[in-house]
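The values are calculated or read from the model by the stated rules, or taken from the named source; none is laboratory data. Treat the numbers as computed from the prediction; the structure is a model and nothing was measured. FYI the Cβ positions are ideal-geometry reconstructions off the backbone, even for glycines, and counts take in every protein chain you see. Just so you know, the surface numbers come from the protein's heavy atoms only, side chains and all, with ligands and any DNA or RNA stripped out. Shrake-Rupley method; radii C 1.70, N 1.55, O 1.52, S 1.80 Å.
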Amino acid sequence: MRALPVGEDALLVEVASGEDAQALHAELLRRRAEGSLSVREIVPAARTVLLDGLADPARWAAELTGATVPPTPARTGAVIELPVRYDGPDLAEVAAHWGVSAQEAARVHAATEFRVAFCGFAPGFGYLTGLPPRYDVPRRATPRTTVPAGSVALAGPYTGVYPRSSPGGWQLIGTTRAVLWDHTRVPAALLTPGTRVRFVAAEGAGAA
């Protein structure tokens, strides 16, 4: 673990893996909830966690780099269910990469409980983990200039849902009508770090 100063009152903590970042994020949230950590924002990413608004960044840098972070606790809280039609143009290609039928690929995806590891790329876009490493898929060699809003997509170890139309190079396996970002909602993002997520297959949409 390495802690780098960011400005006058922030730290960027680098860790070895996505799992370590999720564990550190959970531990920092726990400390803030119990009152032992005073910080304005805790922002996880793929292999970093940003702490913004620290009164004494140097002290926390020393403490965190010498700390043993417990594993991510068991998942608790409500599960957000996203209805999905497994009708994406890349579903057959993803299934071939996995060595299964398109129907089986949809079943595997819908049977998985995901967790939002971090957010980014666009407002409301969550990077969801949960599929075993054998289901990692590469990004498309040529990104699309336009990906429709609601597209359910895979890239590397992540699943994501495009909250709005935008360019993108992820593999598109389905579509959902769920609203991922609504500025009139509190919070505006449907998916936030740590949220549990399941995709519920619509009938006749490729699920077993």
Quiz item: Could you say which residue among ALA78, ALA95, ALA117 is within 27 Å of SER166 (Cβ to Cβ), within 20 Å of the chain's Cα centre (by Cα) and of a type in the set (Gly, Ala, Ser)?
Solution: ALA117
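Using the structure shown, decide if GLU63 is part of a helix (DSSP H, G or I) and closer than 30 Å to ALA202 by Cβ. Lay out the reasoning, then the answer.
Numbers: part of a helix (DSSP H, G or I): yes; closer than 30 Å to ALA202 by Cβ: no.
No: the conditions fail for GLU63.
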Quiz item: What are the residue pairs meeting all of these: first residue in region 107-119, first residue within 7 Å of ARG198 (Cα to Cα) and without any contact (Cβ under 8 Å) to a residue 12 or more places away in the chain, second residue among the polar types (S, T, N, Q) and surrounded by 20 or more Cβ atoms within 10 Å (Cβ to Cβ), Cβ atoms under 8 Å, and 6 or more apart or on different chains?
Solution: none
Exercise. Check whether at least one residue in region 168-176 is in a strand (DSSP E or B), without any contact (Cβ under 8 Å) to a residue 40 or more places away in the chain and within 18 Å of the chain's Cα centre (by Cα), and report yes or no.
Key: yes
Quiz item: With respect to ALA178, is the statement that it is open to solvent by 10 Å² or more (accessible area, probe 1.4 Å) and over 23 Å from LEU50 (Cβ atoms) true?
Solution: yes
Self-check item: Members of region 1-20 found to be buried (at least 19 other Cβ atoms within 10 Å of the Cβ), outside any strand (DSSP E or B) and either touching a residue at least 60 places away in the same chain (Cβ under 8 Å) or small (Gly, Ala, Ser) (or both), listed by number
Solution: GLY18
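Pick from region 120-146 the residues that are β-branched (Val, Ile, Thr) and surrounded by 14 or more Cβ atoms within 10 Å (Cβ to Cβ): which of them is nearest to the chain's Cα centre (by Cα)? It would help to see each step written out before you state the result.
Let us first name the residues in region 120-146 that are β-branched (Val, Ile, Thr), namely 129, 137, 142, 145-146.
Going one step further and asking which of them are surrounded by 14 or more Cβ atoms within 10 Å (Cβ to Cβ), we end up with 129, 137.
Numbers: THR129: 6, VAL137: 16 Å.
This residue is THR129.
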Practice problem: Output the number of residues of region 1-24 satisfying the condition of being within 30 Å of LEU131 (Cβ to Cβ) and in contact with a Gly (Cβ under 7 Å, 6 or more places away or on another chain). | Solution: 0
Quiz prompt | Residue selected from region 44-53 under the condition more than 12 Å from the chain's Cα centre (by Cα) and touching a residue at least 40 places away in the same chain (Cβ under 8 Å), by the criterion most open to solvent (accessible area, probe 1.4 Å) | solution = LEU50
Exercise. Among the residues of region 79-103, write down those that are touching a helix residue (DSSP H, G or I) at 6+ places or on another chain (Cβ under 7 Å), in a helix (DSSP H, G or I) and in contact (Cβ under 8 Å) with a residue 40 or more places away in the chain.
Key: LEU91, VAL94, ALA102
Exercise. Please go through region 54-77 and pick out each residue that is closer than 26 Å to THR129 by Cβ and either of a type in the set (Lys, Arg) or open to solvent by 80 Å² or more (accessible area, probe 1.4 Å) (or both).
Key: THR68, PRO71, ALA74, ARG75, THR76
Quiz item: Got a sec? Which of ALA23, ALA33 is part of a helix (DSSP H, G or I) and without any contact (Cβ under 8 Å) to a residue 12 or more places away in the chain?
Solution: ALA33
